[in-house]
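One structure below.
The values are calculated or read from the model by the stated rules, or taken from the named source; none is laboratory data. Every value quoted in this text rests on a predicted model; they were computed, and no experiment measured them. Virtual Cβ from ideal backbone geometry, glycine too; neighbours counted across all protein chains shown.
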Amino acid sequence: MTNAAEIPCLVCGRTGFETHLDILLRCPACGFVTAGLEPPAEARRLYEGDYFTGGEYLDYLADEGFFKRNFRPRLDAVRRQCPGGRLLEIGAAYGFFMDLAKESFDTVGFEVNPEAVRYARERLGLDVRCDDFLAATTESVGGPIDVAVMWDVIEHLERPDRFLGHIANLSKPGACLFVTTGDIGSLVARIRGRTWRMIHPPSHLHYFSRKTMTRLLQRTGFEVVDVRPVGVARSLRQILYSVLALGLGMKPAYTAATRVVPATWGFTLNTYDIMQVTARCVSPGP
């Protein structure tokens, strides 16, 4: 962990982080919580490896139906704000959301996992790139952006402020931005404390509340228009894998469970600790 006294807060710019929940850091000025880990190159390698095939997800491809169950209501929310135009996705994974959105939008996505990019391009025919998003230009993405989405991605980024600022620079005035991430200010997160399921660095680097997310968006060129809790659909096998194999190190118990749990079993649950934020671009990024 870096020297807490020297880290500038991504949200308010102040230095002097304090230890929070033993393994995290908290800005006493604005309340932003971060893992404060480095170097960023190691984080990128985390997603280039087996992240989608056992590292964090059991089998991302096999759960396509569950992911699209999450994405359909999110796409409906996007369409209500912006019925068409150019859509940018950061952290597109295998392209499941873009596959749904392509009927209404011209889509372009960025993803660091090469196998996921290959699947999205070759199997789904999508424009998903392994390129450095921060080097993208308006011309390289096909024109100004009408809407950008970051589904469960912002907590993974070493410098989310730079990504948001660059999205603002590529966006039309009034363009929409949609973000989902955990809400560390939620009742569940406050009750669970260190054992809140979203706290697992180095995969999750940053932990936002409604207040700190709103302030970061304002700082990077956006105005928040809506924040609401959303449910998440998961396969039962993925839940068991996360709890037994990853959380408790009991992989034999997970393997035994798969003998009686069909891959199609799953459910949607809203524990009010995942927030969906809608914002509009009001100025170029810093």
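Key figures
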read-out: Within segment 136-182, tally of residues that are part of a strand (DSSP E or B), polar (S, T, N, Q) and more than 24 Å from Lys68 (Cβ to Cβ); value: 1
read-out: Flag if Pro114 is touching a Cys at 6+ places or on another chain (Cβ under 8 Å) and either among the basic types (Lys, Arg) or modelled with pLDDT under 95 (or both); value: yes
read-out: Near pairs, Cβ below 7 angstrom, 6+ apart or cross-chain, from segment 3-22 (within 22 Å of Met198 (Cβ to Cβ) and at pLDDT below 90) to any residue that is of a type outside the set (Ser, Thr, Tyr) and surrounded by 12 or more Cβ atoms within 10 Å (Cβ to Cβ); value: Ala4/Phe17; Ala4/Leu25; Ala4/Gly36; Ile7/Phe17; Ile7/Leu25; Ile7/Gly36
read-out: Residues of segment 186-198 that turn out to be in contact (Cβ under 8 Å) with a residue 60 or more places away in the chain, assigned to a loop (DSSP other than H, G, I, E, B) and within 28 Å of Asp76 (Cα to Cα), as a count; value: 2
read-out: Output for segment 265-279, where each listed residue is part of a strand (DSSP E or B) and closer than 22 Å to Glu223 by Cα; value: Ile274, Met275, Gln276, Val277, Thr278, Ala279
read-out: Qualifying residues in segment 205-246 (those that are part of a loop (DSSP other than H, G, I, E, B) and surrounded by 18 or more Cβ atoms within 10 Å (Cβ to Cβ)) - the one farthest from the chain's Cα centre (by Cα); value: Gly221
read-out: Failed item, numbered, when Ala43 is tested on (1) surrounded by fewer than 18 Cβ atoms within 10 Å (Cβ to Cβ); (2) modelled with pLDDT under 75; (3) closer than 30 Å to Gly55 by Cα; value: (1)
read-out: Filter result (among the hydrophobic types (A, V, I, L, M, F, W, C), within 15 Å of Glu155 (Cβ to Cβ) and in a loop (DSSP other than H, G, I, E, B)) within segment 24-38; value: Phe32, Ala35, Leu37
read-out: Residues of segment 85-133 satisfying the condition of being under 21 Å from Arg69 (Cα atoms), small (Gly, Ala, Ser) and in contact (Cβ under 8 Å) with a residue 60 or more places away in the chain; value: Gly91, Ala116
read-out: Segment 72-98, residues that are more than 21 Å from Tyr119 (Cβ to Cβ) and either of a type outside the set (Lys, Arg) or part of a strand (DSSP E or B) (or both); value: Pro73, Asp76, Ala77, Val78, Gln81, Cys82, Pro83, Gly84, Gly85, Arg86
read-out: Which numbered condition His206 misses (of (1) at pLDDT below 95; (2) in contact with a His (Cβ under 9 Å, 6 or more places away or on another chain)); value: (1)
read-out: Boolean, Ala136 is among the small types (Gly, Ala, Ser) and crowded, with 23+ Cβ neighbours inside 10 Å; value: no
read-out: Residue selected from segment 247-275 under the condition buried (at least 18 other Cβ atoms within 10 Å of the Cβ) and touching a helix residue (DSSP H, G or I) at 6+ places or on another chain (Cβ under 7 Å), by the criterion nearest to Val149 (Cα to Cα); value: Met275
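To keep it simple, each residue is scored yes or no on (1) under 20 Å from Gly55 (Cβ atoms); (2) in contact with a Pro (Cβ under 7 Å, 6 or more places away or on another chain); (3) modelled with pLDDT of 80 or more.
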site	(1), (2), (3)
Pro229	no, no, yes
Ala257	yes, no, no
Val260	no, no, no
Leu269	no, no, yes
Ala279	no, no, yes
